[in-house]
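Enquirer: Let me give you the structure first, and then I'll get to my questions.
Any read-out appearing in this document is the output of simple, stated calculations on the displayed coordinates, not a laboratory observation. The structure presented is a predicted model; accordingly, all values stated were derived computationally and were not measured. With ideal geometry, Cβ positions are generated from the backbone for all residues, glycine too; neighbour counts draw on all protein chains shown.
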Amino acid sequence: MTYIETSSGNRISREAVITGSDRILISGHTTVHPYAYLHGQVTLHDSLHPEDAQDLVPTISIGKYCYVDHHASLTPPAYPSEKHLHGTLKIGNYVVLGEYCAVEAASLGNRILVGARARLSNMCVVYDCCVIEPDTVVPPKCVVPPFSLVSGAGPTFKVKDLNGCYKEIIELEARELNVLG
Amino acid sequence: MDSDTKVFCPCFEPRESRHRTTQEPPTTMLEPPTTLTDPNCSFNTKDVYFCTNCQSIKCNRCSEPEIESKYCPSCMSIARAGCNSCPRNCFTCPLCRTNLTVTPGGPRSYTFQCEGCEYSYVQKTESERLTVPLLRVVKASTLLNNASYTRFTELCNQLEREGLEGTDALSAVSQTGQKLLNRLPPDLQLKSLSVAETKQADASPVLFDEEADLSVAVQFEGIKNQITPTSQIHLPGMVPISTRLRTKKSILCKLCRKIIIKPDKEPTIIKFLKSSYFHDIFPTIKVALPANTHSQTTNFSMNDALSEETQNCTFLISFINNCKLLTDVTISTNQKHVFQIKSPPEMLFMEATIPVPHFKLGAKPEKLNKPELIVKTIPTHYLTKNTKLARVEAINRVGSKHDEGTEKGINWVSLNLKVKISSIIEEADSQLKATVVESLKGIRLPIFVTVVNDRCDFGCWCLINVGKLIEEGSHA
């Protein structure tokens, strides 16, 4: 497994599937593992970009110290009325995306842990310091407030309170994962 | 995010023995608290607080929450103090608790559509423009459309009407009762109450009247049709639920009433005005099997749980300082921990040996902004070979181990923890062995950890999950 290492400290696997790489913005110290799928080649909604500047607006923007694990998929959210048009996907700093997780959310805040095989459905918003447990399905347009522990799918979907010390724990976890690979 | 170690809170301990659990233990022999093995008294280190005034651990039982602000988790707006649900148009699905999308469905109706399931609801309004919040309209229609509520009202009205008509209703009730008695078989009729027997002689025999019964049934059917709700969903409780508010809470110490945690009132701000979490003061304790020596070091076999008299296990225990202060750590354990299993009791003993009971943990770096610095805060056992930085660091640390396997980093220390497990049973059948093996999986070794730095001076019992490691080692 070979990685491309950029001057800003990003490590991108050569086996990662990335479309529209010129429209994906990664801040730094971010690791993208093999077979991760970053779908940046989408048509943005007219309201999101000025005329004739479609290519200048990034469709996926990822913050610092993020970690995208194997087979994780990132797709900008689709508009419910016009499925071929998409919004932008914004991911904050210190976000860890587990294996086989699928993200179609509108925005992810800072310090978020997304467990393996979790699914963040279309247009959902996750605020800062949240833990999404493995195999969770966050429904479309759902808003997850700060310091939440999210678990379950469908009728078992639950949002619980998370202790404030997770702010430091998640940050440290994201930093360590980027160093350890 | 699962923790290997749990921390014991002595708040359930009887008063006379509580002082022993919070202060420094006696040097001769440790007496563990009586509730040490109670699972309700041990907590994850991330879920408890630390009171700097009392210098003790605070669990959810010995701390008190105080609501700072209430907000809607859907629209993130702050609500008034008296509210329990969002005063705006935020609703959740009664089936899957997902947020509902509210759209005007027509001139005098609103459609609630669930994004997570097929649930939908149409709310009709009296006027085209809403003069009251939609929440009130839904609540009012909930009462009107609630079948049980309407049925109760109808029955009350019926009783009132019959009461006005005089004693006809009461006589009808007594006649119906008599009819039911007559339907009973003869032997059961004889066993009826003595009061009924005395009255039977005076009462005239009433024959079964099918027409009267049918008329009553038709009457009830009519009432039933009248109370059927007109909305799409007929079951009670299937109307949209207004989103319940979430709270931002301060945490107070129940003993000294000092604030332990105080968050910012704004829902989207994650800043704390005051915070004293146990995790920030107490070092993180990680336990693992020594690398590359799974089967050699851990001689214990789960399948031969009682085949040898004494079995030895070695674990690597790492202490990582989360505090930005130099910290003195002292570890102690009781000489022989009796491990109780269901039957027969007290047949397994666990004895732990700590090679270095006292050491200093370096302060956590002020800013972990460089990868070269982050890698130095990770114990050698947890370094991987996936990145160049981790590989270089692992090579640099070769030969840094001191005597008895002790290793020290900038803010961490790793030790070899030797555990002896012995039994008093000489002969054990297969069923007993199975019981022991099953029980061994859940064993936790208690150690007393004392932490001293400029901010705190306290000690507490920790429970290390060695059972999980024994199981891992025996499979390796």
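Enquirer: Averaged over peptide B:369-381, how many Cβ atoms belonging to another chain are found within 10 Å of each residue's Cβ? Walk me through the numbers before you get to the answer.
Expert: Details: counts 4, 2, 6, 1, 2, 8, 4, 1, 4, 4, 0, 0, 0.
Mean shielding by partner chains, rounded to a whole number: 3.
Enquirer: Between residue B:373 and residue B:269, what is the label-to-label distance in nm when each label sits 7 Å out along the Cα-to-Cβ direction?
Expert: 2.7 nm
Enquirer: How shielded is A:163-173 by partner chains, expressed as the average number of their Cβ atoms within 10 Å of its Cβ atoms?
Expert: Counting Cβ atoms of other protein chains within 10 Å of each residue's Cβ and averaging gives 6.
Enquirer: Still on this structure, I have one more. How big is the shadow of the Cα convex hull of the stretch A:98-181, averaged over all directions, in nm²?
Expert: Values: hull surface 19.9 nm².
Value for the stretch A:98-181: 5.0 nm².
Enquirer: Here's a follow-up. What percent do you get for the relative contact order of the stretch A:3-180 when only Cα pairs under 8 Å and 6+ apart count?
Expert: Relative CO of the stretch A:3-180 lands at 14 percent.
Enquirer: Evaluate peptide A:136-148: per residue, the Cβ atoms of other protein chains within 10 Å of its Cβ; return the mean as an integer. Please report the intermediate quantities before stating the final value.
Expert: Details: counts 0, 1, 2, 9, 6, 8, 7, 8, 1, 9, 10, 4, 2.
Per-residue shielding by partner chains comes out at 5.
Enquirer: Still on this structure, I have one more. Please give the FRET efficiency for residue B:80 paired with residue B:180, using the beta carbon to beta carbon distance and R0 = 56 Å, rounded to the nearest 0.05.
Expert: Working: r = 56 Å, r/R0 = 1.00.
About 0.50, to the nearest 0.05.
Enquirer: Which is farthest toward the positive dipole end of the stretch A:3-180 among A:155, A:123, A:79, measuring Cα position about the Cα centre, with Cβ charges +1 (Lys, Arg) and -1 (Asp, Glu)?
Expert: Looking along the dipole axis, the top candidate is A:155.
Enquirer: Running Debye on the stretch A:3-180 with equal point scatterers at the Cα sites and no solvent, what base-10 log of I(q)/I(0) appears at q = 0.15 Å⁻¹?
Expert: Log-scaled intensity ratios, in q order: -0.80.
Enquirer: Counting Lys and Arg as +1 and Asp and Glu as -1, what is the net charge of the other residues whose Cβ lies under 11 Å from the Cβ of residue A:115?
Expert: Every neighbour counted, the sum reads -2.
Enquirer: With a point put 7 Å past each Cα toward its Cβ, work out how far residue A:81 is from residue B:257 in nm, to one decimal.
Expert: Reported label-point gap for residue A:81 and residue B:257 is 5.7 nm.
Enquirer: Past 20 Å, Cα to Cα: identify those pairs from B:6/B:249; A:160/B:249; A:141/B:46; B:265/B:364, in the order given.
Expert: Working: B:6/B:249 24 Å; A:160/B:249 14 Å; A:141/B:46 30 Å; B:265/B:364 30 Å.
Over 20 Å apart, Cα to Cα: B:6/B:249; A:141/B:46; B:265/B:364.
Enquirer: Using only alpha carbon positions, build the gyration tensor of the stretch A:1-43, then give the equivalent ellipsoid semi-axes as the square roots of 5 times its eigenvalues, largest first, whole angstrom. List each step's numbers first, then the result.
Expert: Values: eigenvalues 59, 35, 9 Å².
Value: 17, 13, 7 Å, ordered largest first.
Enquirer: So who's got an amide H within less than 5 Å of the one on residue A:102, skipping anything under 5 residues away but keeping other chains? H placed 1.01 Å off N, in plane.
Expert: Those qualifying (amide H under 5 Å, at least 5 residues apart or on another chain) are A:73, A:118, A:119, A:120.
Enquirer: I would also like to ask the following. Sum -39500 (n - 2.57) across every DSSP H segment of at least 4 residues in chain A, then divide by the residue count to get the 222 nm mean residue ellipticity, nearest 500.
Expert: On the way: 1 runs with 15 residues, N = 181.
About -2500 deg cm²/dmol.
Enquirer: Report the label-to-label distance for residue B:151 and residue A:135 in nanometres (one decimal), using points 7 Å from each Cα along the Cα→Cβ vector.
Expert: In this crude spin-label approximation the distance works out to 3.9 nm.
Enquirer: Now for a separate question. Calculate the FRET efficiency for residue B:44 and residue B:95 from the Cβ-Cβ distance with a Förster distance of 25 Å, rounded to the nearest 0.05. Don't skip to the answer; put the middle values down first.
Expert: Numbers: r = 32 Å, r/R0 = 1.30.
My answer for the efficiency is 0.15.
Enquirer: Another question, then. Measuring from centroid to centroid over Cα atoms, what is the spacing of the stretch A:101-133 and the stretch B:42-98 in Å?
Expert: A separation of 21 Å, based on Cα centres.
Enquirer: Quick one: P(r) of the stretch B:44-146 from all Cα-Cα pairs, 10 Å bins, percents rounded to integers, in order of increasing distance.
Expert: 12, 31, 25, 14, 11, 6, 0
Enquirer: Grab the beta carbon distance between residue B:353 and residue B:441, set R0 = 22 Å, and tell me the FRET efficiency rounded to 0.05.
Expert: Values: r = 23 Å, r/R0 = 1.03.
So, using R0 = 22 Å, E works out to roughly 0.45.
Enquirer: Could you give each residue of the stretch B:379-393 its phi-based ³J(HN,Hα) in whole Hz, using Karplus coefficients 6.51, -1.76, 1.60 with θ = phi - 60°, and x for Gly or Pro?
Expert: Going residue by residue, I get x, 4, 4, 9, 6, 9, 10, 7, 10, 5, 4, 5, 5, 4, 5 Hz, with x marking Gly and Pro.
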